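The block underneath contains the structure these notes are about, expressed in structure tokens.
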Amino acid sequence: MASIFRYVLLVVGGFTAGLVLAAPSVDTYPLADGLLPGPVFTSDVAAAAAGALAALAVAAAIRRRVLRAALVGAMAVAVVALPGGWRFDVYVATIGAGLLLGALVVLGAEKLHTALAGAVVAGLLTAEPLAQFRELDSAPQRYASYLAARVQPVDAVWLSLAIVAAVAAGVVALTAGNDTAPVARARGREVAIGIGVPILGVGLYWSFHHALFSLDDLGEGRWLWGLVAVPVLIAAALWLRGRTGVVLLAATGMVVAVGGAVSWSPAAWPALLIGPVLVAVGVWLGRRRPMPLVGVGLLALVAASGIFDRPPWDNVNFAATVLVVPFAAAYTIVASLPSTAPVTVTSLTPPAVLALPLLAQFGWTAYTPLTDDPAGWSPSAWAWSSVGASTGAVLACGAAMAWLRYRRASEDAGT
């Protein structure tokens with residue numbers, strides 16, 4: 001019985017953590033303020049960074065009373081999901097999700113990490129479509145974003161998932177005699193990378209926000225600093241011991257291929273099940289046939305499909321985003337496991353803390369072309385360069401994976 005509830009806790013809790021970290025500013029509290037002044041610290045990225053640091057703290061430091069941390073995190077998410085809002089609720093939600101995620105990574109054994117990773121990926125990829133569906137399904141449509149936080153309805157999805165996770169954690173705590181997780185002590189470089197990735201995400205978001213409001217005289221601008229994240233994360237993965245950094249490379253490839261948050265508007269609620277079902281298939285296949293380089297190849301194809309940016313060929317990119325990304329992301333990450341608890345936590349949070357495009361062009365000409373081009377496939381020079389950079393970045397992650405496998409094989413041969 002305890003093993004069943006432990007599995008439910010990992011799956012439901014992981015999905016809840018991914019859902020909250022990817023889209024903390026749901027319509028339950030659209031006008032809530034952040035912890036610090038300024039638009040950067042009221043953003044989803046900053047809130048997700050706080051949750052990632054909380055998850056790292058639990059994964060790196062807590063070995064006793066792990067289930068209590070999971071229970072506290074689930075209850076924090078449930079409280080924020082209730083009607084009403086206050087100044088710091090966005091941070092309460094993400095920190096609660098971080099506590100839950102960190103505790104589950106410590107609690108799960110190596111075999112259970114695959115289920116947990118799949119659940120987190122499903123939550124990360126379902127968050128934006130679910131938010132879009134709730135916004136379109138709410139009434140009145142045009143004014144939902146302007147409602148005060150205190151009159152927003154309950155977030156039934158967050159609340160129900162958090163309650164299930166809390167009940168499962170309570171049952172496991174009562175039925176399991178020992179609440180101590182046999183996890184190795186975290187290494188200094190693992191903790192340093194776990195701290196650096198959220199800081200990198202907040203810094204890049206600040207740069208992006210500054211560029212967005214610093215347009216030139218023609219009202220145009222480009223942002224290229226997202227490219228910095230790729231070599232930094234690759235170097236961090238290579239710095240880790242053994243092949244523990246492979247999962248971080250898999251997460252980096254997912255972030256680059258997606259190019260920010262996966263956002264689409266499902267017309268009916270059953271469409272929201274597409275992502276989790278494909279993630280489940282990817283988890284199953286990644287467990288049975290772990291070949292992460294194959295997953296990286298699929299992610300590179302997704303990134304390359306961004307070249308189809310005009311109708312009717314933009315449907316190719318849409319299909320790749322909706323149908324290929326969930327399977328490829330789950331397969332690549334699961335096939336890259338196992339790893340240590342701090343590295344696993346750090347690798348499951350970049351899709352939230354680095355929810356930014358690799359390159360960006362903005363301004364009124366980016367949305368209103370100066371020429372009336374007919375519908376069809378005629379990519380601009382910017383499209384070629386941005387898609388080429390994204391595809392090359394994903395392939396660079398694959399090359400780093402291959403090097404880690406070669407280095408591990410060389411080390412094994414030397415011993």
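Regarding region 306-314, can at least one residue be identified that is among the basic types (Lys, Arg), more than 27 Å from residue 202 (Cα to Cα), in a helix (DSSP H, G or I) and in contact (Cβ under 8 Å) with a residue 12 or more places away in the chain?
Checked region 306-314: no residue is among the basic types (Lys, Arg), more than 27 Å from residue 202 (Cα to Cα), in a helix (DSSP H, G or I) and in contact (Cβ under 8 Å) with a residue 12 or more places away in the chain.
If you go through region 373-381 one residue at a time, do you hit one that is modelled with pLDDT under 90 and in a helix (DSSP H, G or I)?
For region 373-381, residues modelled with pLDDT under 90 and in a helix (DSSP H, G or I): present.
I'm checking my understanding of the structure. Among residues of region 1-34 that are part of a helix (DSSP H, G or I), more than 11 Å from residue 100 (Cα to Cα) and not aliphatic (A, V, I, L, M), which one is modelled with the lowest pLDDT?
The residue in question is 3.
Taking region 96-127 only, how many residues are among the β-branched types (Val, Ile, Thr) and over 14 Å from residue 13 (Cα atoms)? Break it down stepwise before answering.
Taking region 96-127 and keeping what is among the β-branched types (Val, Ile, Thr), we get 105-106, 114, 120-121, 126.
Checking which are over 14 Å from residue 13 (Cα atoms) leaves us with 126.
Result for region 96-127: 1.
Output the residues belonging to region 135-192 that are modelled with pLDDT under 65 and within 17 Å of residue 70 (Cα to Cα).
177, 178, 179, 180, 181, 182, 183
Just the residues that are surrounded by fewer than 23 Cβ atoms within 10 Å (Cβ to Cβ), without any contact (Cβ under 8 Å) to a residue 60 or more places away in the chain and under 10 Å from residue 332 (Cα atoms), please, taken from region 286-300.
Hits for region 286-300 are 290, 291, 294, 298.
Among the residues of region 327-357, what is the count of those that are part of a loop (DSSP other than H, G, I, E, B), over 14 Å from residue 123 (Cβ atoms) and under 14 Å from the mean Cα position of the chain (by Cα)?
Here the count works out to 3.
Which of the residues that make up region 389-407 are over 13 Å from residue 237 (Cβ atoms) and under 23 Å from the mean Cα position of the chain (by Cα)?
Within region 389-407, 389, 390, 391, 392, 393, 394, 395 meet the criteria.
The values are calculated or read from the model by the stated rules, or taken from the named source; none is laboratory data. Fair warning: this is a prediction, and the values are worked out from it, not measured in the lab. Neighbour counts are summed over all protein chains in view; Cβ atoms, including those assigned to glycine, are modelled from backbone coordinates with ideal geometry.
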